[in-house]
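Chemist: This is the structure, below, for whatever I ask next.
The values are calculated or read from the model by the stated rules, or taken from the named source; none is laboratory data. Since we're looking at a predicted model, the values are computed, not measured. Cβ placement follows ideal geometry from the backbone for every residue including glycine, while neighbour counts extend to all protein chains displayed.
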Amino acid sequence: MKPIKPLHPVNHRQKGWATVSTFAFLDGKLPDSLVFRNWLIPYEGSEAEPSGVDMPWGIFGSNALQSGMFIANNFATANKKVMVLLQAWYQTNEAAGGALISSMDEARAKGILNLARIASKFRQELREKLLAIIREYRPEPHLIGLERLDWEQFLAAEPRAVREFLRRSADLYMITHPVIQQFDRTRSDTLMVASFKPDPKRIMAAEARYMDQIEVLI
């Protein structure tokens, strides 16, 4: 897929745009441009994603970003790399925060489904939908173990199903979900990420933090 140029310069960004982040690790000379999707954070299960990812992902939320920067900085130091924080701003119909989402109709109205902010009844409905997807690629005995997991553990164990749910949901553009980071395989930190459909009309702005000379494409 051809890289997408954001619609606006970064100083045009507006309140309400969803922010997603990732990290580039460079040797020596800084490039003129970087492509966000070429530097997606590794998580447990991401190796199963096909090359030329159809739906990029990035760290979502300030707490997750703080944790991710700590781990990524350690990775850069250990591998003698220069770490560059890449951020992109994505337009949804409504912000991801606010009241708990209690139905798919509410999620469709927002365009973004934050799986950390859903009502308990809707959570059970979504779990059943995700289990139905998992049955398409996992043997039935595997599901017995999944049913014992709490909500966050369940989502982190099966990011493939979460992303497939987004892929099949025509009126959803972004879904936030926990993943187990793989920068440092000696740790099992869970980070919140947002997977998003690369709709050129919704990719508003992007930047390499503190490196204005680098153009960032998605």
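Chemist: Criterion first (more than 18 Å from Met174 (Cβ to Cβ) and surrounded by fewer than 20 Cβ atoms within 10 Å (Cβ to Cβ)) does Gly16 satisfy it? Give the steps one after another, and end with the answer.
Modeler: Details: more than 18 Å from Met174 (Cβ to Cβ): no; surrounded by fewer than 20 Cβ atoms within 10 Å (Cβ to Cβ): yes.
No.
Chemist: Tell me, which helices (runs of 4 or more DSSP H) lie completely within the range 107-218 with 1 or more residues that are closer than 17 Å to Gly58 by Cβ and under 20 Å from the mean Cα position of the chain (by Cα)? Full working, then the answer.
Modeler: Working: elements: 120-134, 140-146, 151-157, 159-168.
Per the criteria, 151-157, 159-168.
Chemist: Out of Arg185, Arg209, I need the residue that is within 18 Å of Thr22 (Cβ to Cβ) and surrounded by fewer than 17 Cβ atoms within 10 Å (Cβ to Cβ). Which one?
Modeler: Details: Arg185 fails: within 18 Å of Thr22 (Cβ to Cβ).
On inspection, the qualifying residue turns out to be Arg209.
Chemist: Only one of these is surrounded by 14 or more Cβ atoms within 10 Å (Cβ to Cβ), touching a residue at least 60 places away in the same chain (Cβ under 8 Å) and farther than 28 Å from Met69 by Cβ: Arg138, Arg163, Arg167. Name it.
Modeler: Arg167
Chemist: Report, by residue number, each residue of the range 27-45 that is in a strand (DSSP E or B) and touching a helix residue (DSSP H, G or I) at 6+ places or on another chain (Cβ under 9 Å). Before you say what the answer is, go through the steps one by one.
Modeler: Within the range 27-45, the subset in a strand (DSSP E or B) is 33-35, 43.
The one that is in a strand (DSSP E or B) and touching a helix residue (DSSP H, G or I) at 6+ places or on another chain (Cβ under 9 Å): Tyr43.
Chemist: What is the residue count in the range 48-92 for residues that are within 18 Å of Ser195 (Cα to Cα), in contact with a strand residue (DSSP E or B) (Cβ under 8 Å, 6 or more places away or on another chain) and either loosely packed, with under 13 Cβ neighbours inside 10 Å or not small (Gly, Ala, Ser) (or both)?
Modeler: 14
Chemist: Let me ask something else. Going residue by residue through the range 54-67, is there one that turns out to be more than 13 Å from the chain's Cα centre (by Cα), within 18 Å of Ala156 (Cα to Cα) and at pLDDT 95 or above?
Modeler: The answer is yes, given that some residue of the range 54-67 is more than 13 Å from the chain's Cα centre (by Cα), within 18 Å of Ala156 (Cα to Cα) and at pLDDT 95 or above.
Chemist: Consider Ile101 carefully, then state whether it is surrounded by 18 or more Cβ atoms within 10 Å (Cβ to Cβ), farther than 25 Å from Ile4 by Cα and either at pLDDT below 95 or in contact with a strand residue (DSSP E or B) (Cβ under 6 Å, 6 or more places away or on another chain) (or both).
Modeler: Numbers: surrounded by 18 or more Cβ atoms within 10 Å (Cβ to Cβ): yes; farther than 25 Å from Ile4 by Cα: yes; either at pLDDT below 95 or in contact with a strand residue (DSSP E or B) (Cβ under 6 Å, 6 or more places away or on another chain) (or both): yes.
Yes; evaluated as a whole, the condition is true for this residue.
Chemist: Now a separate question. Filter the range 176-189 for residues that are farther than 19 Å from Trp89 by Cβ, β-branched (Val, Ile, Thr) and modelled with pLDDT of 95 or more and give the result. First the steps, then the outcome.
Modeler: Filtering the range 176-189 down to residues farther than 19 Å from Trp89 by Cβ leaves 177-189.
Keeping just the survivors that are β-branched (Val, Ile, Thr) gives 179-180, 186.
Passing the criteria: Val179, Ile180.
Chemist: Across the range 59-106, what is the number of residues that are among the hydroxyl-bearing types (Ser, Thr, Tyr) and part of a strand (DSSP E or B)? Before you say what the answer is, go through the steps one by one.
Modeler: Keep residues of the range 59-106 that are among the hydroxyl-bearing types (Ser, Thr, Tyr), which gives 62, 67, 77, 90, 92, 102-103.
Among the residues that remain, those that are also part of a strand (DSSP E or B) are: 90.
Summing the residues that are among the hydroxyl-bearing types (Ser, Thr, Tyr) and part of a strand (DSSP E or B) in the range 59-106 gives 1.
Chemist: For the range 170-218, which positions are without any contact (Cβ under 8 Å) to a residue 12 or more places away in the chain and either β-branched (Val, Ile, Thr) or touching a Leu at 6+ places or on another chain (Cβ under 7 Å) (or both)?
Modeler: If the condition is that a residue be without any contact (Cβ under 8 Å) to a residue 12 or more places away in the chain and either β-branched (Val, Ile, Thr) or touching a Leu at 6+ places or on another chain (Cβ under 7 Å) (or both), then Thr186 is the only one that fits.
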